[in-house]
Amino acid sequence: MERFRPADLDERDWRDLRSTCPVSRATGPDGSQVWLVSRYEDIRKVLGGRTFSVSPIDQEHGGGTAEANESIFQDPPAHTRLRGLVAGPFAVGQVGRYRDSIRAKADQLLGRMGAASGPADVMEDFAKPLTMNVISEVVGVPEPDRAMFQRLSDQLLVPLSEAQGAVALEGWKQLNDSVRDLIARRRRTTGREGDDLLAHMIRAQQDQGAVDDVELATMVLGLPVAGYVSTANAIAVAVRYLLEFGWLARLRTAPDGPELREKFVEEVLRVQSGDNGESMPRFAAKDIQLGGVTIHQGDMVVAPLVAANRDDGLFADPDTFDPRRPGLVRHVAFGFGIHRCLGANLARLELQVAIDALAGCGLDFRMLEKWKEVPWKVNMLGDRFPERMLVHVSGPNGAR
C-alpha cells in the first residue's frame with residue numbers, strides 16, 4: 001500500500017473526508033479494496049485497539065498470521081514477550097544517558113560542514129551519520145563497523161523493482177551475515193557486559209532462555225535499519241523549517257529558547273508524518289462498526305498518521321507550522337497503542353539535541369533547492385526520504 005503524504009490529498013480533501021465520509025473505501029495500487037480512516041479519534045481506535053491485527057487475518061481462527069518469532073511487529077502474546085525484552089534500553093530513563101555523546105557527534109559533524117569547501121548535504125553530512133551513530137551505540141554496534149552498517153542499510157533503501165530488489169536482497173544478506181558475526185564476536189569478548197541492547201539481549205538469553213538465536217539476530221538486524229533513516233528524515237524536515245521559515249534565527253534569539261526548541265521538535269514530529277513514516281496497515285480481527293460503517297473481519301484498514309496529525313478538529317489551522325499551538329502533545333507521530341514506535345524516546349532526544357546543536361553552532365545555512373525541488377526516494381517498504389538536501393554554509397560573519 002502506497003504511503004500517504006500531505007501532498008497526496010490537499011487540506012480541503014482531508015476536511016471533506018472527515019466531515020462527509022470519515023471511513024471511506026479506497027483502491028490500492030494493486031486494485032485491492034481498503035478502508036481509509038481520516039479522523040484522529042478513529043485512527044487512534046484502529047492503531048490502539050486489539051480489534052485490529054498487524055498481519056492478515058486467519059479467517060478460521062480469527063487471529064493474525066505473523067510468525068511468532070519473526071519480529072516485535074505482531075499481535076500479543078508474541079508481541080508482548082518480544083517487546084518486553086527490548087523495551088528496557090529504549091525507556092526514557094535509559095536513552096537520556098546518550099545525550100552528551102549525541103551532542104558531541106552533532107558538533108563534530110557541523111564542524112566538518114563549516115570547514116568544508118562547497119555545498120554541504122544535510123542528509124549525507126549530518127542527519128544520516130548522526131542517527132546511524134546513535135542507534136549503533138544503543139544497539140551495541142562497534143564504531144569501526146558503523147560505516148559498513150550505514151552502507152548496507154542504504155543498500156536496502158531502494159525502490160521496489162526487480163533490478164533494485166536484487167540489490168536490496170544482496171545488501172540484506174550481507175547485513176545479516178555482519179549481524180551474526182557481530183553477535184559471535186560479542187559472545188567471545190565482552191558478551192553480556194554493558195548497557196547496550198546486545199548485552200541486554202545476551203543476558204536475557206543466558207539467564208532466562210527468553211530469546212533464541214533467530215530472535216536475537218532479528219532484533220539486532222532490524223533496529224539499526226528502522227531507527228536510522230526515519231530519524232534522519234525528521235531532521236531533514238526540521239532543517240527545512242529552520243531555514244525556509246526563519247526558525248533558526250528565532251530559536252537563537254527567543255527569550256524562552258530552550259522551551260521553544262522542545263516545542264519546535266514536537267511540531268516537526270507532527271507535520272513530518274506522511275513526508276516520512278506512516279503506520280502499517282491493519283486488518284480487522286472481527287466485524288466492527290467504525291465511523292458509521294461496518295468493517296468486516298479480514299478487511300484491510302489504512303489509518304494515516306498524517307490525517308490524524310492534521311485533523312482540524314484537534315489542531316487549529318493544522319497546515320500551519322506553529323510550535324506554540326495548544327494541544328501539541330496529542331500528536332501521534334510515533335503511532336499509538338501497543339505498536340507505538342519502540343524508539344520514540346530516542347528519536348525525540350536525537351531531534352532535540354540536533355536542534356540544540358544547529359542553534360548553538362554559530363553557523364548560518366541557506367538551502368540551495370526549494371523543498372518541493374528536493375529529490376525524494378521511495379524504498380521497497382514504502383518509506384520516503386530525501387535523496388539529498390544541499391545547503392550553503394557560512395560563518396557568523398558570512399565567511400566560509
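Residues considered: Val301, Val329. Of these, the only one that is outside any loop (DSSP other than H, G, I, E, B), under 25 Å from the mean Cα position of the chain (by Cα), surrounded by fewer than 20 Cβ atoms within 10 Å (Cβ to Cβ) and modelled with pLDDT of 90 or more is Val329.
Taking the stated definitions as given, is Ala316 of a type outside the set (Phe, Trp, Tyr), farther than 20 Å from Leu47 by Cβ, more than 21 Å from the chain's Cα centre (by Cα) and surrounded by fewer than 15 Cβ atoms within 10 Å (Cβ to Cβ)? Here the answer is yes, as Ala316 does meet what is asked.
Cβ-Cβ contacts under 7 Å between residues 6 or more apart (or on different chains), taken from a first residue in region 196-218 that is in a helix (DSSP H, G or I) to a second residue that is among the charged types (D, E, K, R) and exposed (fewer than 13 other Cβ atoms within 10 Å of the Cβ), are listed as Ala199/Glu193.
Looking only at region 272-290, filter to residues that are at pLDDT 90 or above and small (Gly, Ala, Ser); which one of those is surrounded by the fewest Cβ atoms within 10 Å (Cβ to Cβ)?
Ala285
Taking the stated definitions as given, is Ile135 of a type in the set (A, V, I, L, M), closer than 24 Å to Trp376 by Cα, at pLDDT 80 or above and crowded, with 19+ Cβ neighbours inside 10 Å? It is true that Ile135 is of a type in the set (A, V, I, L, M), closer than 24 Å to Trp376 by Cα, at pLDDT 80 or above and crowded, with 19+ Cβ neighbours inside 10 Å.
Name the one entry in Leu269, Leu260 that is surrounded by fewer than 21 Cβ atoms within 10 Å (Cβ to Cβ) and closer than 20 Å to Gly327 by Cα.
On the way: Leu269 fails: surrounded by fewer than 21 Cβ atoms within 10 Å (Cβ to Cβ).
Of Leu269, Leu260, the one residue that is surrounded by fewer than 21 Cβ atoms within 10 Å (Cβ to Cβ) and closer than 20 Å to Gly327 by Cα is Leu260.
Among the residues of region 179-198, those identified as at pLDDT below 90 and among the small types (Gly, Ala, Ser) are Gly191, Gly194.
Given the condition of a type in the set (Phe, Trp, Tyr), out of contact with any strand residue (DSSP E or B) (no Cβ under 6 Å at 6 or more places or on another chain), within 17 Å of Leu349 (Cα to Cα) and assigned to a helix (DSSP H, G or I), answer yes or no: does some residue in region 162-184 qualify? Give the steps one after another, and end with the answer.
Here is the first cut: in region 162-184, the residues of a type in the set (Phe, Trp, Tyr) are 172.
Retained after the next criterion (residues that are out of contact with any strand residue (DSSP E or B) (no Cβ under 6 Å at 6 or more places or on another chain)): 172.
Adding the requirement that they be within 17 Å of Leu349 (Cα to Cα) leaves none.
No, region 162-184 has no match at all.
Residues checked against (1) surrounded by 15 or more Cβ atoms within 10 Å (Cβ to Cβ); (2) free of Cβ contacts under 8 Å to residues at least 40 places away in the same chain; (3) of a type outside the set (Lys, Arg); (4) assigned to a helix (DSSP H, G or I):
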residue	(1), (2), (3), (4)
Ala127	yes, no, yes, yes
Ala147	no, yes, yes, yes
Gln155	yes, yes, yes, yes
Arg186	yes, no, no, yes
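Among the residues of region 304-326, just one is part of a loop (DSSP other than H, G, I, E, B) and touching a strand residue (DSSP E or B) at 6+ places or on another chain (Cβ under 9 Å), namely Pro304.
Here the condition is being among the basic types (Lys, Arg) and either closer than 27 Å to Val95 by Cβ or touching a Leu at 6+ places or on another chain (Cβ under 9 Å) (or both); of Lys286, Lys263, it holds for Lys263 alone. When the residues of region 233-260 are filtered to those that are of a type in the set (Phe, Trp, Tyr) and assigned to a helix (DSSP H, G or I), the one that is farthest from the chain's Cα centre (by Cα) is Trp247.
The set of residues in region 80-118 being in contact with an Asp or Glu (Cβ under 7 Å, 6 or more places away or on another chain), free of Cβ contacts under 8 Å to residues at least 40 places away in the same chain and of a type in the set (A, V, I, L, M, F, W, C) consists of Leu109 alone.
Going through region 228-263 one residue at a time, which ones are hydroxyl-bearing (Ser, Thr, Tyr) and within 25 Å of Asp121 (Cβ to Cβ)?
We begin by selecting, within region 228-263, every residue hydroxyl-bearing (Ser, Thr, Tyr); these are 228, 230-231, 241, 253.
Answer for region 228-263, where residues must be hydroxyl-bearing (Ser, Thr, Tyr) and within 25 Å of Asp121 (Cβ to Cβ): Tyr228, Ser230, Thr231, Tyr241.
Taken over region 210-264, the criterion of being farther than 17 Å from Glu350 by Cα and acidic (Asp, Glu) is satisfied by Asp212, Asp213, Glu215, Glu244, Asp256. Residues of region 333-351 that are modelled with pLDDT of 95 or more and over 11 Å from Val95 (Cβ atoms): Leu351 alone.
With respect to the conditions (1) surrounded by fewer than 19 Cβ atoms within 10 Å (Cβ to Cβ); (2) touching a residue at least 60 places away in the same chain (Cβ under 8 Å), Gly246 lacks only one, and its number is (2).
Need a quick list: helices (runs of 4 or more DSSP H) entirely within region 1-119 having at least 2 residues that are modelled with pLDDT of 85 or more. Break it down stepwise before answering.
Working: elements: 11-20, 40-48, 78-87, 92-95, 99-115.
Output list reads 11-20, 40-48, 92-95, 99-115.
The values are calculated or read from the model by the stated rules, or taken from the named source; none is laboratory data. The shown structure was predicted, so the numbers you read here are calculated from the model rather than taken from an experiment. Don't worry about glycine lacking a Cβ; one is built from the backbone with ideal geometry, like all the others, and counts go over all protein chains shown.
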